[in-house]
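The values are calculated or read from the model by the stated rules, or taken from the named source; none is laboratory data. Because the structure is predicted, anything quoted here is derived from the model rather than measured. We place every Cβ from the backbone using ideal geometry, glycine too, and count neighbours over all the protein chains shown.
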There are 2 protein chains.
Amino acid sequence: MKNYEHLGVLFADHLRKFNSSLEVKTPAELYQPCNYILSLGGKRLRPLLALVACELFGENPNKALDSALSVELFHNFSLVHDDILDEAPLRRNQPTVHLKWNRNIAILSGDALLVKSLQVLNTYPPEEASKLSELMCTTAMQVCEGQQLDMNFEKQNSVSIDEYIRMIEYKTAVLLGCSLKMGAINARANSMQQNDIYTFGVNLGIAFQLLDDLLDAFAQNSELFGKRPGGDILANKKTFLLLKAIALANVTQKKEIASILALPGETGHEKINRMLQIYNDLGIKTYCEQSADAYTNAAIASLNGIQADPGKKKHLHEFANQLLNRQV
Amino acid sequence: MKNYEHLGVLFADHLRKFNSSLEVKTPAELYQPCNYILSLGGKRLRPLLALVACELFGENPNKALDSALSVELFHNFSLVHDDILDEAPLRRNQPTVHLKWNRNIAILSGDALLVKSLQVLNTYPPEEASKLSELMCTTAMQVCEGQQLDMNFEKQNSVSIDEYIRMIEYKTAVLLGCSLKMGAINARANSMQQNDIYTFGVNLGIAFQLLDDLLDAFAQNSELFGKRPGGDILANKKTFLLLKAIALANVTQKKEIASILALPGETGHEKINRMLQIYNDLGIKTYCEQSADAYTNAAIASLNGIQADPGKKKHLHEFANQLLNRQV
């Protein structure tokens, strides 16, 4: 992260200015929730990627500031609406918008953030704005599809690993690819470079999500992970781990999985421990690590193919590793 | 409307094609609700205005088809989300999306319609797409603001007539202006003409909404109005009529209004009749008509200032009159 500290500062300043402008806008009931969610912090990973890509392709990262703002606004729109869908009470340890205000205000201010995420792209010259808007719209549709697939999976009896990967690709990974590609567009990188950096981001995003599934079950250090482990197991969430376990289980293990899934979430430790036992018996951790490695390697291969300053590529390679190891 | 029949047919065909493409898209749970709301019909007023403006400024209306689609998609997004906010059970006599499916699906498919409304603009060349997108985003933000103001007014003790007009301008009228201006942009009309046709649309929209308030209270012919009259009175809705009545009432009348507002909606006829009595005593109908006339005249003045084929201007003038008289 140290290599990108200057970019973090650059974006923080840009976001602060944008966010201040929201404070004075009326009606306050529409803009205050936008200001609130944007103030809750977070890693600002997506905007950072936009700036990183812009710099990687030899352009002043200042040029990508509105792209960075766009992806951060879009990300925050999706948080506000997803929290309604999930009936989540907390976001970054603070009350979610629909609880702090109400559901209607959360729907409407989410809509406003979505519109703003596209509106800020209009600061670019038409040719550039048009490319960025097209990419953002395509990505936004995929994110909606991914969110819907995730909701469908909850009710679906069987979900294949391929379907699961497609879901996390759309719900999470494409926005990382989009962020990087926007920075590349701002830097006027050629289409091949744009596509390579996009593929790098998508594969990195899939690897990140697979490792997130893994940590949710196996994290020893919940500080590092940021959440209490076992949440996915308690919620019967159809993660890579559970889907792979179901795919590999013998008849006895299938019965055990079914009976664990039937346990109420309040069972707590028993539910978690019995599922971890199944995961261990089937070597699920290794399968998940192997799959994450495959996506990481695909990401690195895309990065290697890019023609850019070797030092900058090395920084991005390091950053990717730090991200996957939760050191960002 | 007869003058614009060809445009109605043109758009219906374009929408049908777009809507068919949604039928095969997955996940179906995301796209079927979009297809459903777009299939419920409606006057297709906004897309018609885009085509009308494009033709008015001497361009083939085909060129404005994606602008027309954009405003119709945006309008349908706002219907899906507004119906959640209002907990409305019916839309065009059919179950609303959140009741036919569920609230989460309605939030997400509304989001998808909003994104699509901007995405379809990317079919235009960059310069044009960028102008259209900028206009649509500005309008979309105003519509969100108008919706929030409307929600605020429900809880606000006092609302001025000016505040009310601003609310209906943002919530309803700007999208009519936007539709017309998009058609003008497609026809490469100059900025003055773009602004005049926009102002025409906004003023027409305000006049239309004021007459809608009037009809809700005084419509003799509910067939023509399309809704059962008195709904606003039963819901204590802060319309132009109620706000003007409160502004003009003497002490006794203010007390009577307060006691009518305290009556439960189920009181039905009594509540409606007592409020109509107040409106009649204060001559509210005339005030509302005068205000609607003022906005109609402002609209016509803008139209008159436009340099275009007099025959086409006459058609649009006639259309505006038909619209205000509910003959469209």
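Here's the yes/no breakdown for (1) out of contact with any helix residue (DSSP H, G or I) (no Cβ under 8 Å at 6 or more places or on another chain); (2) more than 19 Å from residue A:144 (Cβ to Cβ); (3) not hydroxyl-bearing (Ser, Thr, Tyr):
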site: B:112; (1), (2), (3): no, no, yes
site: B:115; (1), (2), (3): no, no, yes
site: B:127; (1), (2), (3): no, yes, yes
site: B:139; (1), (2), (3): no, yes, no
site: B:143; (1), (2), (3): no, yes, yes
site: B:148; (1), (2), (3): no, yes, yes
site: B:157; (1), (2), (3): yes, yes, yes
site: B:165; (1), (2), (3): no, yes, yes
site: B:173; (1), (2), (3): no, yes, yes
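Tell me yes or no: at least one residue of segment A:188-196 is in contact (Cβ under 8 Å) with a residue 40 or more places away in the chain and surrounded by fewer than 18 Cβ atoms within 10 Å (Cβ to Cβ). Yes, segment A:188-196 has at least one match. Restricting the first member to segment B:51-68 and to residues that are farther than 16 Å from residue B:178 by Cβ, and the second to residues that are aliphatic (A, V, I, L, M) and crowded, with 19+ Cβ neighbours inside 10 Å, the beta-carbon pairs closer than 6 Å and six or more apart or on different chains are B:59/B:187; B:61/B:7; B:61/B:51. Within segment B:121-131, the presence of a residue that is under 20 Å from residue A:31 (Cβ atoms) and more than 7 Å from chain A (Cβ to nearest Cβ) is excluded.
One residue stands out in segment B:97-114 among those that are buried (at least 23 other Cβ atoms within 10 Å of the Cβ) and of a type in the set (Val, Ile, Thr): the one that is nearest to residue A:117 (Cα to Cα), namely B:107. When segment B:81-108 is filtered for residues that are touching a residue at least 12 places away in the same chain (Cβ under 8 Å) and at the interface with chain A (Cβ under 10 Å from one of its Cβ atoms), the ones remaining, listed by number, are B:81, B:82, B:84, B:85, B:103, B:105, B:106, B:107, B:108.
The helices (runs of 4 or more DSSP H) located wholly in segment B:75-192 include none with 3 or more residues which are modelled with pLDDT under 95.
So, in segment B:124-165, of the ones that are among the small types (Gly, Ala, Ser) and surrounded by fewer than 20 Cβ atoms within 10 Å (Cβ to Cβ), which residue ends up nearest to residue B:261 (Cα to Cα)?
Looking at the filtered set, the residue picked out is B:158.
Exactly one residue out of A:82, A:86 is under 22 Å from residue A:205 (Cα atoms), surrounded by fewer than 18 Cβ atoms within 10 Å (Cβ to Cβ) and not assigned by TED's automatic domain parsing to the domain that holds residue A:320: that is A:86.
Quick grid of which residues meet (1) touching a residue at least 40 places away in the same chain (Cβ under 8 Å); (2) surrounded by 13 or more Cβ atoms within 10 Å (Cβ to Cβ); (3) not hydroxyl-bearing (Ser, Thr, Tyr):
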{"residue": "B:250", "(1), (2), (3)": "no, no, yes"}
{"residue": "B:255", "(1), (2), (3)": "no, no, yes"}
{"residue": "B:261", "(1), (2), (3)": "no, yes, yes"}
{"residue": "B:264", "(1), (2), (3)": "no, no, yes"}
{"residue": "B:267", "(1), (2), (3)": "no, yes, no"}
{"residue": "B:276", "(1), (2), (3)": "yes, yes, yes"}
{"residue": "B:285", "(1), (2), (3)": "yes, yes, yes"}
{"residue": "B:297", "(1), (2), (3)": "no, no, yes"}
{"residue": "B:305", "(1), (2), (3)": "yes, yes, yes"}
